[in-house]
Amino acid sequence: MKLYTVNAGYFKLDGGAMHGVVPKSMWNKVNPADDNNMCSWAMRCLMIEHDGRRILVDNGMGTKQDAKFFSFYYPHGDDSIDTSLAKHGFTTDDITDVFLTHLHFDHCGGSIKREGDKLVPAFKNAQYWSYKKHWDSALNPNEREKASFLKENILPIQESGKLNFIDVADGEEWIPGIRINYVFGHTDAMMLPQIDYNGRTVLYCADLLPSAAHISMPWVMAYDMRPLNTLDEKRRLLKEAAANNWVLFFEHDPKIEACSLQNVEGRMKMKEVLTVNMIN
């Protein structure tokens, strides 16, 4: 097995929404906002090369939306799925599986691209993996999440015939070396891959812990549907991560790719700042 960091670019979201009840006087020191109160965030994906498969976990927001859409989110930087894969010697055609932690636009928008008037899979040789409970909720969203679930990101996957549903219980292996954790605070049944890698456990945190700052228990996004569930899920997984020296991989942190944890008098703290290359 080998892991590769694949950066799909950067975008901006409202700082208050991303940090919930935490006051700006605190979070602005960690991720300073611009004049519109917007903070920059990464769309950091992970490719897992394992047993002849190249599994891409999430894929950013993509490029198919119109200028009005992008004006809300300020995509910036030179990174993209294509350029990041190319740095590792791959193209989108090399991806065999696309694993979608959840179907919010900044995690799955790159799944589909435009070819003329058609919407087609951006990874033409890949099978796409979701979870049935989450898929159903994305197609019938509540009013709070409706703007994050875009049918043009979702329905063409099913129409292509490449959609598959993962069918394992919480904590069980999907394929050898990769277990699935289901969490329900951010959205219904988000999937967090837990990867056995070079003697370490790597947890892809998706939106349970979008950044290293969110390790602190009160730092829960206002986007979360069930913030008290998020607290419980963070507490459980962070305790296990600290006890077993896991590596936490952050999808949205603009600077920190990954870290290990330590328990300091009952509070979880970042121990060591890491990158995937440091554990390869």
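Provide, as a two-decimal number, the C-alpha radius of gyration of the chain over 2.2 N^0.38 Å, N being how many residues it has.
Numbers: Rg = 17.6 Å, N = 280, 2.2 N^0.38 = 18.7 Å.
Dividing the Cα Rg of the chain by 2.2 N^0.38 Å gives 0.94.
On full extension of the chain, what length is gained from Asn198 through Leu155, given 0.36 nm per residue of separation minus the C-alpha to C-alpha distance?
Values: separation 43, 0.36 × 43 = 15.48 nm, distance 3.70 nm.
Extra length available between Asn198 and Leu155 comes to 11.8 nm.
Quick check on packing: order 138-148, 200-210 by the mean number of other C-beta atoms within 10 Å, highest mean leading. Don't skip to the end; give the middle numbers.
Details: 138-148: 13.5, 200-210: 23.2.
The densest-packed peptide leads the list: 200-210, 138-148.
Quick one: net charge of Pro210's neighbours, Cβ under 11 Å, K/R +1, D/E -1? Spell out each step's value before the answer.
On the way: positive: Arg44; negative: Asp106, Asp207, Asp224, Glu251, Asp253.
Neighbour charge sum, excluding Pro210 itself: -4.
Once phi is turned into ³J(HN,Hα) by the Karplus curve 6.51 cos²θ - 1.76 cosθ + 1.60 with θ = phi - 60°, what whole-Hz value does each residue of the range 37-48 show in order, with x for glycine and proline?
6, 9, 10, 7, 9, 7, 10, 9, 9, 9, 9, 10
Would you calculate the separation in nanometres between label points at Val273 and Asp117, each defined as 7 Å from the Cα along the Cα-to-beta-carbon direction?
Simple spin-label model gives 5.1 nm for this pair.
Counting only other residues whose beta carbon sits under 15 Å from that of Lys87, what net charge do I get with K and R as +1, D and E as -1?
Details: positive: Lys2, Arg44, Arg54; negative: Glu49, Asp78, Asp79, Asp82, Asp94, Glu257.
So the environment of Lys87 carries a net charge of -3.
For the pairs Lys87/Lys113; Lys64/Lys239; Lys146/Lys269; Lys12/Lys113; Lys113/Lys239; Lys87/Lys124, flag any whose C-alpha to C-alpha distance is greater than 30 Å.
On the way: Lys87/Lys113 21 Å; Lys64/Lys239 40 Å; Lys146/Lys269 34 Å; Lys12/Lys113 22 Å; Lys113/Lys239 40 Å; Lys87/Lys124 20 Å.
Checking Cα-Cα distances, Lys64/Lys239; Lys146/Lys269; Lys113/Lys239 exceed 30 Å.
Taking R0 as 25 Å, what's the FRET efficiency between Asp51 and Lys124 from their Cβ-Cβ distance, rounded to 0.05?
On the way: r = 21 Å, r/R0 = 0.84.
Using R0 = 25 Å, I get an efficiency of 0.75.
Using alpha carbons only, how many angstrom separate the centre of the range 175-216 from the centre of the range 1-39?
Their Cα centres are 19 Å away from one another.
How much length is gained if the chain between His76 and Glu265 is pulled fully straight, taking 0.36 nm per residue apart and subtracting their Cα-Cα distance, in nm to one decimal?
Details: separation 189, 0.36 × 189 = 68.04 nm, distance 3.98 nm.
Length gained between His76 and Glu265: 64.1 nm.
Quote the FRET efficiency, to the nearest 0.05, computed for Asn140 versus Ala169 with a Förster distance R0 of 30 Å and r equal to the Cβ-Cβ distance. Provide the component values of the computation, followed by the final result.
Details: r = 24 Å, r/R0 = 0.80.
According to the calculation, E is roughly 0.80.
Starting from the amide H of Leu13, placed 1.01 Å from N in the peptide plane, find each other amide H under 5 Å away whose residue is 5 or more places distant or on another chain.
The list, which skips near neighbours in sequence, is Cys39, Trp41.
Could you calculate the FRET efficiency of Lys87 with Arg236 from 1/(1 + (r/R0)^6), where r is the beta carbon distance between them and R0 is 45 Å, rounded to 0.05?
0.80
Readers should treat all values here as calculations from the given coordinates under stated rules, not as data from a laboratory. It should be emphasised that the depicted structure is a prediction, and the values quoted were computed from it without experimental measurement. Glycine gets a Cβ as well: all are built from the backbone with ideal geometry, and neighbour counts include every protein chain shown.
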